[in-house]
Amino acid sequence: MDLRENADDRSFRDEVRSFLEDSLAGEFAAVRNRGGPGDEHALFEERLAWERHLGAHGWTCVGWPKEHGGRGLSLWRQVVFLEEYARARGPGRVGHIGEGLLGPTVIAFGSPEQQRRFLPPILAGTELWCQGYSEPNAGSDLANIATSAALDGDDWVIRGQKVWTSLAHWADWCFVLARTSPAQDGTARHAGISYLLVPMRQDGVEVRPIVQLTGDSEFNEVFFDGARTAAENVVGAVGDGWGVAMGTLSFERGASTLGQQLNFRNELDAIVAAARRTGTVDDPVVRERVARAHIGLEIMRLTALRTLAGSEAGALRPEALIGKLYWATFHRGLGELAMDVLGADAMATENPALQRLFLFSRADTIYAGSNQIQRNIIGERALGLPKRPSE
Ligand SMILES: Cc1cc2nc3c(=O)[nH]c(=O)nc-3n(C[C@H](O)[C@H](O)[C@H](O)COP(=O)(O)OP(=O)(O)OC[C@H]3O[C@@H](n4cnc5c(N)ncnc54)[C@H](O)[C@@H]3O)c2cc1C
């Protein structure tokens, strides 16, 4: 793949840039740079309106195939879109779980009826999703889930508890991993799990917020106590949801994380401005750490380009496996640098964005696969090392 921008690419970049600049100048000026991890509580209604504005102009789900309502953009153009979005300081997207996780899953594994039912509201920003995987005894060891679903007439009836469910308090729907037949020993534990689409706004679903370090609540406990969903709302075959669930995770670890380094660049710029303000810019140790952060950003960009250059027909290469481990560790370090640059001022309330960066980035090395799990994945899938012994 030739990654040099040609005239068509440049005019695409210009089109994205002018749409975002125009849109974020007027009625949506207030949402600029708000939302996203650590700031999700901010301006929800306004950001929901923004999501619908993007949808109305065809700027949601830009990587989805055209036949499913997307723009069918190549990976490279998706990165251009994300870069311009970050450059314009577009707000954190309230629809990102539907766009990035559930939508691609329904496109890859869903029936035509499911595609017709569930994709258009994600494109339009009228239905929001959350991810019901983790449970108190099933995080890294996801196959240990205990939530169950049993058929009762034309409905599945779901019982169990999910935890850390991001944005469940806003979601209209949840994609839930549930056991539809009992757990077995060994690798067969993966069998008997189904991938259910469950409406959130019903009796039998209780969402309890969990307060985070930041003082806000972006994730929740979700209790299913006799919640129902229609029998046909299973993605893939009944009892065969594990492969579908892994497909969703590959989307999470794939294209959606490319291009995010411009958000990190904005944060590094804010740290440099703070270092100038506080005088720590003259400290040689701070200068070196800032330089290292700059280099880290360049490494991320070059790795993204290398991944794209080697990818064919949208498939991600093994290099993509290092992305999560690298960016999560980098970002956690960036939060620590922000605090060291601010010194005692870090505790003052006029630094909320940098405080949030520090506090929320502690989670980066945990969610979407912890650093230890990422190393296992790299060892087994990229380097071909022997699999770790199963429990
Ligand atoms: C901000 C945030 C948002 C989240 N959002 C969602 C969401 O929307 N939906 C959802 O379903 N989940 C969500 N999660 C949950 C997330 O997926 C889990 O936290 C993650 O999978 C780790 O699971 P755990 O917390 O149970 O930790 P555990 O799996 O109990 O891990 C504890 C520690 O042991 C290590 N460890 C575990 N197994 C191994 C192993 N085999 N080899 C080496 N080390 C190991 C881990 O790396 C970790 O350090 C979210 C988490 C966070 C922090």
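P(r) for the range 151-195: what percent of alpha-carbon pairs falls in each 10 Å bin, starting at zero? Taking all Cα pairs of the range 151-195, the binned fractions are 20, 46, 29, 5 percent. When all alpha carbon pairs of the range 31-161 are counted in 10 Å bins from zero, the resulting P(r) reads 11, 33, 32, 20, 3, 0 %. Here the gap between Ala346 and Ala7, fully extended at 0.36 nm per residue and compared with their Cα-Cα distance, gives a gain of 117.5 nm. Exposure proxy shown here: for Met347, Met200, the number of other Cβ atoms within 10 Å sets the order, fewest to most, as Met347, Met200. Taking the Cα centre of the chain as reference, the dipole from Cβ charges on Lys and Arg (+1) and Asp and Glu (-1) amounts to some 840 debye. For the chain, hydrophobic long helices are taken as DSSP H runs at least 20 Å long by C-alpha position along their axis with mean Kyte-Doolittle hydropathy of -0.5 or more; these are 261-278, 284-310, 321-342.
The protection proxy used here, the mean number of other Cβ atoms lying within 10 Å of each residue, ranks peptides 235-241, 163-169, 207-213 as follows, highest first: 163-169, 235-241, 207-213. Largest GNM mean-square fluctuation across Leu354, Leu302, Leu342, computed for the chain with C-alpha springs under 10 Å, falls on Leu302. Extents of the chain, taken as max minus min of Cα coordinates on every principal axis and listed largest first, are 69, 45, 43 Å.
Values in this text are rule-based calculations from the coordinates and carry no lab data. Predicted model only: the values in this text are computed from it and were never measured. Ideal geometry is used to build each Cβ from the backbone, glycine not excepted, and the neighbour counts take in all protein chains shown.
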